[in-house]
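Accompanying notes for the structure given below.
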Amino acid sequence: MEILTLFRGISVPKNKAEEIKEKIITKGIMGNEGFWRLSLNDLRWKISKLFKKPDLNTKDTRTPDDFPVICAADELGAYYYALVHNRHKDKNEIGLIISFKAPNKQYICRW
C-alpha cells in the first residue's frame, strides 16, 4: 500500500499555539485545532431517496453519524493555508504546518 506524506496548514491564536502543537504531537490531528471544523456523512446509501425529497434540508443530510475530516495538501499548499488563507487580519495568530502520513485510499481526494 502506498503511503502519502500530507501537510495541513492551520492558523491558531498565538497565545495557544504551544498548547495546540503539544496536543497534536501527543494525540494526533483531530480536525478541531484551527478555526475551521469539517465533518462528513456518507450519504451514498440513501442518495436516490434524498434526490426525490421535495423539502430536503440539512436535518436530512447531517446526523450524529457525521465524523470529523481534515483538509490536507502538499507542503506549499499547507503554507498558503497557514499563513494566508486561514489568517484573520484582526487577530494575533500564528500559522502551524503539520505533516503526517496516511494510506493512499479512495477517501483521500486529490485536487
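Nothing in this text is a laboratory measurement; each read-out follows from the coordinates by a stated rule. Owing to the predicted nature of the structure, the values given are computational and were not obtained by experimental measurement. Reconstructed Cβ throughout: ideal geometry from the backbone, glycine too, with neighbour counts over all protein chains shown.
Here is how the numbers come out for the structure above:
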quantity: Selection count where residues are farther than 23 Å from residue 85 by Cβ, of a type in the set (Phe, Trp, Tyr) and within 19 Å of the chain's Cα centre (by Cα), scope the range 12-68; calculated: 1
quantity: Members of the range 38-66 that are surrounded by 11 or more Cβ atoms within 10 Å (Cβ to Cβ), touching a residue at least 24 places away in the same chain (Cβ under 8 Å) and either part of a loop (DSSP other than H, G, I, E, B) or hydrophobic (A, V, I, L, M, F, W, C) (or both); calculated: 38, 40, 41, 66
